[in-house]
Amino acid sequence: DPAARGRRRDRAVVGLGLLALAVTAALVAALFLGDGGRPAPLPTDGDGPSPTAEHPPPDGALTEGQVEDVALPLPEGWDERRADGVVSLARGTYPCPADETLDCVAGAATLHAVPDAGTLSAEGAARSDVAAFQRTGYPAEAYGGVFGSEELLAEPVTVAGQPGYRVRVGLTTPFSSAVVESVAFPSPRDPSILLLLRLSWDDTDDAPPLSDLELILNGATTVSDGPGTAA
């Protein structure tokens, strides 16, 4: 199931933010579900990694893949995973806490387009998507379920020169905690197309610095004349 972050060890990693839903009507419909029914917020202990970026992209490296002329930076230690219509990054796999026959991804980032977004605002898209992200990105079979969530950040943001909106949520599972973030912004090529950047971080020994999520968001850029070429 491409919606799961876990995988059987003899199969390819699929826990990279619902890659198969990148351009489907199901994802567009999910954007309009809203964030109702969110579990009651839980306190966080604030013991996450330092906000200082520890792994900047080597020599300004960008992903080979791009969506709507937008590429992502490739921080040190992260790998690009190729998938049609999606830019996908991952760092670190580990046995899923609820089922060690599954592998979970310690850090992930995906960028995909939502065509025909109509009048949906960047804020509306980000808020709706982060609610769906929590449910589908952290399934019970891999994580034991999500027991609570707390909005950590919600604010306007500029991504690849475009005005967007980000929502970051902290999750609590029976075994650990995680951070998920949805960022929505219009395509630099066509403002009728919204782009969604999904970021996730699991609190595990294999996790990258939490600051890498900021680095990926802030480093998203428009490209021209081929992959990895800054505009």
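For the stretch 102-125, indicate whether the set of residues that are touching a residue at least 12 places away in the same chain (Cβ under 8 Å), of a type in the set (D, E) and over 26 Å from T221 (Cα atoms) is non-empty. Checked against the condition, which is being touching a residue at least 12 places away in the same chain (Cβ under 8 Å), of a type in the set (D, E) and over 26 Å from T221 (Cα atoms), the stretch 102-125 yields at least one hit.
For every residue, the table says whether it meets (1) in contact with a strand residue (DSSP E or B) (Cβ under 6 Å, 6 or more places away or on another chain); (2) open to solvent by less than 10 Å² (accessible area, probe 1.4 Å); (3) over 17 Å from S128 (Cβ atoms); (4) assigned to a loop (DSSP other than H, G, I, E, B).
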position	(1), (2), (3), (4)
E151	yes, no, no, no
A154	yes, no, no, no
V157	yes, no, no, no
A184	yes, yes, no, no
S192	no, no, yes, yes
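The values are calculated or read from the model by the stated rules, or taken from the named source; none is laboratory data. What you see is a predicted model, and the numbers here were worked out from it, not measured in a lab. With ideal geometry, Cβ positions are generated from the backbone for all residues, glycine too; neighbour counts draw on all protein chains shown. Remember, those area values only see protein heavy atoms, side chains included, never the ligands or the DNA or RNA. Shrake-Rupley method; radii C 1.70, N 1.55, O 1.52, S 1.80 Å.
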